[in-house]
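Presented below is the structure to which this report refers.
Nothing in this text is a laboratory measurement; each read-out follows from the coordinates by a stated rule. It should be emphasised that the depicted structure is a prediction, and the values quoted were computed from it without experimental measurement. For neighbour counting, all protein chains shown are included, and Cβ atoms are generated from backbone atoms with ideal geometry for every residue, glycine included.
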Amino acid sequence: GAGVSQSPSNKVTEKGKDVELRCDPISGHTALYWYRQSLGQGLEFLIYFQGNSAPDKSGLPSDRFSAERTGGSVSTLTIQRTQQEDSAVYLCASSPPPVASGEQYFGPGTRLTVT
Amino acid sequence: SQQGEEDPQALSIQEGENATMNCSYKTSINNLQWYRQNSGRGLVHLILIRSNEREKHSGRLRVTLDTSKKSSSLLITASRAADTASYFCATRDTGANSKLTFGKGITLSVRP
């Protein structure tokens with residue numbers, strides 16, 4: 001079946017502009033995660049959605065970052081007034097119930113470059 | 001803060017040799033997982049070991065978990081050039097939140 005998809009695959013934007021990154025999780029997966037990975041680094045957790053529960057936003061680095069998940073499926077990560085340090089690969093992952101399984105399925109990522 | 005810390009940071013071996021990668025963590029966990037990443041894009045789940053398990057096998061992969069030492073190892077036997085990638089360990093803590101915490105990764109190069 002279809003895996004996690006993300007769009008766009010690459011995004012180049014000017015400093016100060018807003019960007020929206022999209023994630024389509026695997027159908028039926030109740031949990032959705034956003035991560036950020038800077039060049040040569042590990043994954044930095046950003047935000048986690050689980051069903052109808054309030055999202056865990058503890059990883060968002062600043063109030064310029066926000067995310068929503070509509071209808072329990074598609075998610076959009078928005079970065080306002082982008083800065084050069086926001087340049088990174090943004091990865092989305094989803095996981096099926098039961099939540100306790102913990103295995104995550106990743107999308108190919110969106111490479112964001114802020115000039 | 002980083003939970004999983006992999007060791008070594010980089011590993012270079014000859015095709016056919018075994019590759020051993022280690023991961024240490026700090027808190028109590030529900031499970032530990034290993035992922036592989038090619039070319040800095042999406043990660044692929046390799047294997048999951050639960051806190052009550054000590055060893056698990058999947059094909060050429062063998063993972064061990066020592067909860068008393070808070071450490072895990074991933075062994076890839078008979079390595080191939082195609083195994084060249086970055087490998088990450090990730091831990092899921094014992095709380096209700098299923099958030100995974102990833103290490104910084106190990107870069108494995110397998111020379112043909």
(message) From the C-alpha coordinates alone, can you work out the Kirkwood hydrodynamic radius of segment A:1-64, in Å?
(response) 13.8
(request) Report the percentage of all Cα-Cα pairs in the protein assembly as shown whose separation exceeds 26 Å, rounded to a whole percent. (result) 37
(request) Restricting attention to the protein assembly as shown, give the cysteines that have no other cysteine Cβ less than 4.7 angstrom from their Cβ. (result) none
(request) Pop out the ³J(HN,Hα) list for segment B:31-36 in order, Karplus 6.51 cos²θ - 1.76 cosθ + 1.60 with θ = phi - 60°, rounded to Hz; leave Gly and Pro as x. (result) 7, 10, 10, 10, 10, 10
(message) Looking at chain B, identify the longest residue range that excludes and avoids all GluC sites (Glu not before Pro) in DSSP loops having at most 16 other Cβ atoms within 10 Å.
(response) B:54-112
(message) Calculate log10 I(q)/I(0) of chain A for q = 0.15 Å⁻¹, where I(q) comes from the Debye formula with a single equal point scatterer on each Cα and nothing for solvent.
(response) -0.60
(request) Could you give the size of the charge dipole of the protein assembly as shown about its Cα centre, using +1 on the Cβ of each K and R and -1 on the Cβ of each D and E, expressed in debye and rounded to the nearest 20? (result) 100
(request) Taking H placed 1.01 Å from N in the peptide plane, check which residues at least 5 places from residue B:17 or on another chain put their amide H under 5 Å from its amide H. (result) B:79
(request) For segment B:103-112, take each phi angle, set θ = phi - 60°, evaluate the Karplus expression 6.51 cos²θ - 1.76 cosθ + 1.60, and give the result in whole Hz per residue in order, putting x for glycine and proline. (result) x, 7, x, 10, 8, 9, 10, 10, 7, x
